[in-house]
Amino acid sequence: MIIIRSIAKMQAYCRLAIKQKKTIGFVPTMGALHVGHLSLIRAARKKNDYVVVSIFVNPAQFGPGEDLKKYPRNFKADSRLCQKEGVDVIFYPSTEEMYKKGHKVYIEVKDLDKGLCAKYRPGHFRGVATVVIKLFNIVSCDDAYFGQKDIQQARIISALVRDLNFPLNVNILPTVREIDGLALSSRNAYLTSSERADAPVLFDSLEQARCLIKNGQRDAGKIIYKIKEMISGKESAKVQYVEIVDADTLEPLKKIKGKVVIALAVFIGKTRLIDNIIVKI
Ligand code: PAF
């Protein structure tokens, strides 16, 4: 496994791989790797000749009051995990390497960056879209891998790839969960033990919603009410949003039909967690 810190070297590596007719699987991350990331790496390892993992905590996707400074960083542990998983390259640029002084170009995405998390994290998806496009221009991959947990991010990246004609497949893999249902996230590390005990309520409330739909409930408002009611039973939990949206367009729905995403963001203490499930009628 090699560690590359320069953009030019990373691009040269990809040019060589392409010349050798090897495929590249790319897993963009912000580090603090967990089993969710490993599932993406394993999928890449299975499908592609070379696996590149990027580790870059992207300042452009953090808002003013957010956790950029305290976001967990542990390159040693991350690189050990990557080595164990058979990763070929870690791309680990500095902020100065990624954002040259006077950086001027940012990517905006229409519609998909309106509801869900975008309402509460202004500028977040502009930052995600910008860094992902930059990364795709640095790591010329055949396949890129993302998790379903960040479903709005996943839809935005699929739109970028389609609309800006990147010659790569976007692979969205299922959310990996703890045994009690809590979706794996680097931010789970912030939870105290009592908050950690409350946190599975996110997934429990989504599963309750799935049950309601299975039993014939089609009124999105009533389902959202039930989810909020269940979450408010936990002392440390405060709902930021619960939405039911079309699975492709992410537009809010009043009546459940077709394939829908039930998505939520909840503060557990000071930690903001997100989760979602896809339900097909
Ligand atoms: O999902 C993440 O970890 C980040 O948003 C990503 C896609 C690596 C961009 O910084």
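The values are calculated or read from the model by the stated rules, or taken from the named source; none is laboratory data. None of these values were measured; they are calculated from a predicted model. Here the Cβ positions follow ideal geometry from the backbone for every residue, glycine too, while neighbour counts run over all protein chains shown. The protein model used for the area step is the full one, side chains on, heavy atoms only, and it has no ligands, DNA or RNA in it. Shrake-Rupley method; radii C 1.70, N 1.55, O 1.52, S 1.80 Å.
Anything in the range 20-31 that is within 9 Å of the ligand (Cβ to nearest atom) and crowded, with 20+ Cβ neighbours inside 10 Å? List them, or say none.
Quick first cut of the range 20-31, residues within 9 Å of the ligand (Cβ to nearest atom) only: 27-31.
Matches in the range 20-31: V27, P28, T29, G31.
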Item to check | Condition check for S205: surrounded by 18 or more Cβ atoms within 10 Å (Cβ to Cβ) and either within 16 Å of the ligand (Cβ to nearest atom) or within 16 Å of the chain's Cα centre (by Cα) (or both) | outcome: no
Next on the checklist: Take the residues in the range 96-148 that are within 13 Å of the ligand (Cβ to nearest atom) and among the hydroxyl-bearing types (S, T, Y); name whichever of them is surrounded by the most Cβ atoms within 10 Å (Cβ to Cβ).
Outcome noted: Y145
Checklist outcome for this item: Sole miss for A154 among (1) free of Cβ contacts under 8 Å to residues at least 24 places away in the same chain; (2) more than 12 Å from the ligand (Cβ to nearest atom); (3) not in a loop (DSSP other than H, G, I, E, B) is condition (2)
Checklist entry - If you go through the range 170-189, how many residues are within 16 Å of the ligand (Cβ to nearest atom), touching a strand residue (DSSP E or B) at 6+ places or on another chain (Cβ under 6 Å) and of a type outside the set (A, V, I, L, M)? => result 3
Checklist outcome for this item: Scanning the range 33-54 residue by residue, those open to solvent by 10 Å² or more (accessible area, probe 1.4 Å) and hydrophobic (A, V, I, L, M, F, W, C) turn out to be L33, V35, L38, L40, A43
Item to check | Search result, residues across the range 71-80 that are within 16 Å of the ligand (Cβ to nearest atom) and either at pLDDT below 95 or buried (at least 19 other Cβ atoms within 10 Å of the Cβ) (or both) | outcome: D78
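Counting only residues that are within 13 Å of the chain's Cα centre (by Cα) and within 12 Å of the ligand (Cβ to nearest atom), how many does the range 157-169 have? Break it down into steps so the answer makes sense when it comes.
Initial filter on the range 157-169 (within 13 Å of the chain's Cα centre (by Cα)): 157-158.
Applying the additional criterion that residues be within 12 Å of the ligand (Cβ to nearest atom) yields 157.
Total meeting the criteria: 1.
What helices (runs of 4 or more DSSP H) completely inside the range 1-114 contain at least 2 residues that are in contact with a Phe, Trp or Tyr (Cβ under 7 Å, 6 or more places away or on another chain)?
On the way: elements: 7-19, 35-47, 75-84, 95-98.
Answer list for the range 1-114: 7-19, 35-47.
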